[in-house]
Structure formats: C-alpha cells, structure tokens
Amino acid sequence: MKFSYQWLKDILNFKESPEELAGLLTMFFAETQVERKNKRPILEIDILPNRAADASCHLGLAREISAICGKRFYYPKISFKEGKNKINNFLEIKIKNKECQLYLARVILDILVDESPKWLKERLEDCGIRPINNVVDAANYVMLLTGQPLHIFDFDKVSFGKKKKTIIIRQAKKGEKITTLENKNYLLDESAMVVADEVSPLALAGIKGGEKAEVTKATKNIILESANFKSSSIRQTSKKLGLSTDASWRFERGLDFDLAEYAINGLAELILKLAGGEAMKNFISKKSLDVSKKKSFIPIGNQSWEKFLGWPIKINRIVKNLELLGFDVKKKNDYLLAVPPLFRIDIKTKEDVMGEAARIFGFNKLPSFLPKEFLSLPEENEFWFFKEKIKDWLKGYHLEEVYNYSFISEQDKTFLPEEWKEKLIEIENPTSDLAKFLRPTLLLGFLKNLNYNFNFADELGFFEIGKKFFKKDDFFKEIPVFSGILAKGEKGKIPIFYQAKGIIEGLFNSWGIDKDDYAFKNLSPEKGDYVSLISEGAVIFSRDKFLGVLGYPKEKLIKSYGLEGKEMVFWELNLENLIVLVREEIEFQSLPKYPAVIRDISIFLERKFLVDEILEIIQKAAPDYLEDVDLFDVYEGKGLPFDKKSLSFHLVFRSKDDTLKSKEVEKEMEKIFKALKKIGAEIR
C-alpha cells in the first residue's frame, strides 16, 4: 500500500529521511520500501492483515510512527462554520437493512465544482488514485487520511419523499439494475445492499457510487455520506458482482464506528475550503443497532511478562509503550489492567497486548540469554529396544520384514477353526469386508504374503513385529508378538522346522536366556488353541509361562490360500512374556579356569520324540560336569524306517575345580547312554 512521505511529514513534522523512516517502519511495524514519483518519495508498505482496519491510512500510520519515536499522537482538529439552515428540514435518512450499522449525512449548498489544486492532485497520484475534481478528490483525500470510505451525491438529483429529499438504505429488489460511475451495468438480487432514493438505487452500499446522483461540473448542492456497513455483507456482494474497490476493501476488514463522524466532518471542512459553499447546520446520524463499543479490560499479571516475552522488562516501560499506542493502562498491586483503544479491533487477549508492548520496545533490542531449559534423555523404551534387537538378529538370516494390516476379512474368518472364530473382535464400522475383524494371529497375513511372492521366488522368509487381538471372557486383549514364517516351493532333505527353531534359539541366546530356562514341548490342546492351526510342532514354555509356538500350519489352511504342496513353518512369540524372562535372566559369570572335554553322540529313536525332550534327558542324566549340549545333525528319510530319525549332539563337559580326566568323562557318558536306552534310543 502506498503512502505519501511528505503528507506524513506534514502531519508529524519528523526529521527522518524517507530511507530512515522506511528502516524504522520495517523494524517496528511492517516491511517498507521507498519509491519515487517525479522525485517525490513514496512509501510502499506491506500492511499486515490484522492492521488493515486501523493502519491503512495516513493518520493510522502517523500514529504508529509517533509511538515508534516515543511521542504521543494527537488527531488534527476539525473546525468549520455551519449555516443557519437545519439539515433535518431538507433531508431524511431511513435504514431498512440492519447490515447498515451506522449512516451519517451532511449537506453543503452552493459549491463550485472545479479542478483540484496541484498539492491535492499530487497526493492522490502518489497513492495511486486518479484526480477527478475538487469535490470527489476531497472525498478520496479524506479516505486516504482517515481510512473511512466516503461518498458524495448530487443533492438536486436525489428524489423527494413526501416533503423532503429521502435516502433509504435497503436490500436490492430481485432483478433491480444499477449503472455505476464507470457506466457499467449490474443486475442485482436480494442479497445486495443499496443506497437509494424513493425511486431507484443511487449506489451499491460500501462498494461503488451510481451514475444517477453523480457529481458533475454543474453540481451546486451535495450530500456527504459516511457510513459503517457489516463487513461480511460488503464482501459477499463484492465477490458476487466481481466488483472490488478501495471502499469495499476497507469495509471488508472492519472499521471503527467513531471514524465515521470524524471523517464526514473532515470532508466538510476540506470541501468548504476547496469549493466554497455553506454547510447546513448539524448532520443526520442513523443507526440500526447500538454502535457504542464496550471497552474490553484485559488484566495481565506482572509475572506474565517475562514468562511470555522471555526477558525482563520494567513495568513503567510497559505502561509507557502501551500508552503511546493509545492504550489506557492502570497499575494494580500485582497486575496491569490494559484497555485497548476502540480502533484496535485486533487486540483481544493478553498475549496481543504483551506483543504490542514488546514491538514498540524493539525486537532488535532484545537481550540474548542462553536457554534455561534442562535437557534430559527420555526413559529407555524397552519394547522398542527389543524390536530393534530382533531386527538386527534377523539380518543374518535374510528374512524380509513385512507390515501387514491388523485386520482380516469376512472370507479369512471362514478359514479359521471354530474356537478361533469365537475369539474374533468385530469392527463396529468397518471400511469394507476386507477389514471386518481384528487379526487374532499374524499367520493369515503371512499366508497371503506367500501366495503373492511365490510368483517371484522358491524360498521365502518373512517376519513381523506387531499385535494380535482377541476376546477373552468379554474383555478385549492385544498382545505384542514377534511372528515369522519360512517357506519353500518343494520339501527339502532337511526340514525347515529346525532352521526356524535355530532362529528362535539363537535369538534367545542373544538375550542371555539359557537353554535350561525354556523348553519346547509337544503341541496339545491343553497347551493352547494353536493346536487347531498347527498340525505338527511345539509350544515353548518357561516354567509354566507360555512363550510361543512353532510348527507347520494345517494343510486345510494352506490350501485355503492356494499354497498346496509348499513346505512352511510358522512361529509366533509373546513379546510381553519374553521381556519379563529377559529381565530375570541377565546375569554375569567369570570365565572358566579349566579346559572343556567334547564328545559327540549319535542315536536312532522314534520320530515322536522332540529334540527338546532328548536334550532334557541328557542334561538330567549328567548334571555334575555336563556344561552344554548342542544338536548338530538331524536325518530322516532314505535308509531309515518311516517312524525313525537320527540325531547327533555335541556334549561339552567341564569341571569348575579341576581338569577332567577321561575316566570321569566316560562315567558321565555311561549315565547318558543308560538314560537314552530307557526311551528306546539306539546308540550308534
């Protein structure tokens, strides 16, 4: 927005050059640049939206400059002589539309419409307005000075009412037309507001004057209009008609009611100086509501200033800054009571007031302080730590992490056994049938992954760390789990069951969970519902606490997802129980002093025995010196009966007190052989 530097200087009589003033305004008010027109300096100011109502005029900007310079601002006084004729005898105002909140009118007789003086033309041109004549230019000049849009009608062209000239502010009639000052025709509807006489519209209220009562060279008597229209109404009509003017822009942003009287009196004074004539006595003021604004009282505690601003500032300095901006400030015991000036419609909260005091103080003068906040590390997220450790561990196995939806479909439900269907939690408002239930296990998602990815590879491995959901005794539960699946297109010589088991054992070992602290047990109905999903496998327990399940999914379930003939092993571990176990099992011990003795053993036995059961038998048979047992080979198939398998183990013996002798180790081996033969195992 353009402002005349010389005009501002005439109002305030400051010493700053255009460039110096632009620097001050940029620092304290809004970004400002200096332009020149015929060597006359012009300020181009980027007015912020919240300040458009009060600072988009020369008096408003002068008020800001005064505050920045530490001086009080006083409005120019208005003085002119009125005639004897009373305006009420010649003019009547009627408000029939409540969106016209205030309407003021004055009448001046016997004027002489002529060319404007040079100084007036230059000031209008500097602000981007084309000069027309001394009367119209005076209205534009006062608008640029005060911010209040004004309009002038030719008194003689306004139609009479019953006894006197009548101006009516009303809604437009449907289909009513108006021709503006620029000779453009507009078709109106009932949403528009017009200023009219008894016959037809004279102007689009708050937007544009009409051709009917236009001021011309022949005009002798005029009506001055100064009004306050509801901003939303002006904006609606302006947008609907595609007609935006300087007046509509200002009304849309809201104006102070007190401005209307000051502006109309200022216009009367200027016209009398430029065009002569006689002003009728008094002016007419009509309003559709109570336009007297109530003052707002904003209390601000003395301690709030430093807390909000971030630096200490003296109360006396605060009071001075606010008073320079037009605030009324009262000091109380431990707080200030600030009353914003009525023209500052943007001041509503204590933060607004504090921001204004700081602005005039100068943001460039703010002291620098180091932050007083104490930085502290957040508490370790144990669950996140476990998730990351699992992911790191699985890198060596080249498993792909997946993120499946936590929902299953109506069709997925049909593939589940009855006892699993009863546990399902149904979504009240599902987005589709594909997301109708919360997943009770991560297995179904893996089967879908396999169905798609077997198109690209013959060996697949996936894992996911997520949650499963189920219903138990009318309560909803969610359990964090680590689940995975290994799959091959065809069955290999070595079952992938042991590969999956090795992944789990390796993970447990990385957490410091000793093999003595958990066990793989036969899958049976009394050990959980997984027996209806898993055809062959094992459940994992630590004492009586369930840790998870490992095994081959049921053939019926595999066929439901189009995976016939594929070999696959699935596992699902309860992370909540695992974390508890890890907390218990983290312990340290000294390095061994004496060497270990290693023996290997191979046995034939029935397939029904789990490896974990054999490990337990071996460990119990030689508890004194047996330090560790590791399975290193499994054979099933060619050369062996169908119900038999071959297992090979590494046995590690060590004494804490001395180096073991061969005889001592042989005695331990005999104990182990004897225990294995009791279950029908054959020593190779």
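Restricting attention to the stretch 338-435, lysine pairs at least eight places apart or on different chains and with alpha-carbon atoms under 23 angstrom apart total 4. Peptides 444-454, 411-421, 613-623, 246-256 ordered by packing proxy, namely the average of other Cβ atoms within 10 Å per residue, highest first: 246-256, 444-454, 613-623, 411-421.
The residues packed around ASP352, meaning those with a beta-carbon under 11 Å from its beta-carbon, carry a net charge of +1 if Lys and Arg are +1 and Asp and Glu are -1.
A protection proxy built from the mean count of other Cβ atoms within 10 Å ranks the segments 321-328, 148-155, most packed first, as 148-155, 321-328.
Ordered by residue, what ³J(HN,Hα) values in Hz, to whole numbers, does the stretch 435-443 give under the Karplus form 6.51 cos²θ - 1.76 cosθ + 1.60, where θ = phi - 60° and Gly and Pro are x? Computed from phi, the couplings for the stretch 435-443 are 9, 9, 9, 7, 5, x, 7, 8, 4 Hz. What is the sum of charges, Lys and Arg at +1 and Asp and Glu at -1, for the other residues whose Cβ falls under 15 Å from the Cβ of ILE390? That sum, taken over residues with Cβ under 15 Å, equals -4.
Potential lengthening of the chain between ASP156 and TYR635 amounts to 160.7 nm, from the contour at 0.36 nm per residue minus the alpha-carbon distance.
Across the stretch 1-101, C-alpha contacts under 8 Å between residues 6 or more apart give a mean separation that, scaled by the residue count, equals a relative contact order of 25 percent. Surface composition of the chain: carbon and sulfur atoms hold 50% of the protein heavy-atom accessible area at a 1.4 Å probe.
A straight chain from LYS163 to TYR405 at 0.36 nm per residue would run longer than the Cα-Cα distance by 79.0 nm.
Residue ranges 546-553, 270-277 sort as 546-553, 270-277 when ordered by packing (mean number of other C-beta atoms within 10 Å per residue, highest first).
Starting from the Cα of TYR452, step 7 Å toward the Cβ, then list every residue of the stretch 383-406 with an amide N under 16 Å from that point. Inside the label zone: 400-406. One chain, two ends: PHE383 and ASN185. Fully extended at 0.36 nm per residue, the span grows by 64.0 nm beyond their Cα-Cα distance.
Using C-alpha pairs below 8 Å separated by at least 6 residues, the relative contact order for the chain is 9 percent. Electrostatic bookkeeping for ILE152 treats Lys and Arg as +1 and Asp and Glu as -1; over the other residues with beta carbon under 11 Å from its beta carbon, the sum is -3. The candidate values were [x] 1.29; [y] 1.04; [z] 1.33; the one computed from these coordinates for Rg/Rh (Cα atoms, Kirkwood Rh) carries the label [z]. Placing pseudo-labels 7 Å out from each Cα toward the beta carbon at LYS593 and GLU198 gives an inter-label distance of 12.6 nm.
Would you work out the relative contact order for the stretch 605-684, in percent, from Cα pairs under 8 angstrom that are 6 or more residues apart? Each step should come with its number before you reach the end.
Values: 85 pairs, mean separation 29.9, N = 80.
Value for the stretch 605-684: 37 percent.
The stretch 426-452 and the stretch 265-342 have Cα centres separated by 64 Å.
Tell me whether the stretch 556-670 comes out rounded, prolate or oblate; compute the Cα gyration tensor, take square roots of the eigenvalues as a ≥ b ≥ c, and use a/c under 1.5 as the rounded threshold.
Judged from the Cα gyration tensor, the stretch 556-670 comes out oblate (a/c at least 1.5, b/c at or above a/b).
The values are calculated or read from the model by the stated rules, or taken from the named source; none is laboratory data. None of the values given here were measured: they were computed from a predicted structure. Ideal geometry is used to build each Cβ from the backbone, glycine not excepted, and the neighbour counts take in all protein chains shown. For the accessible areas, the whole protein counts, side chains as well, though only heavy atoms, and no ligand, DNA or RNA atoms are used. Shrake-Rupley method; radii C 1.70, N 1.55, O 1.52, S 1.80 Å.
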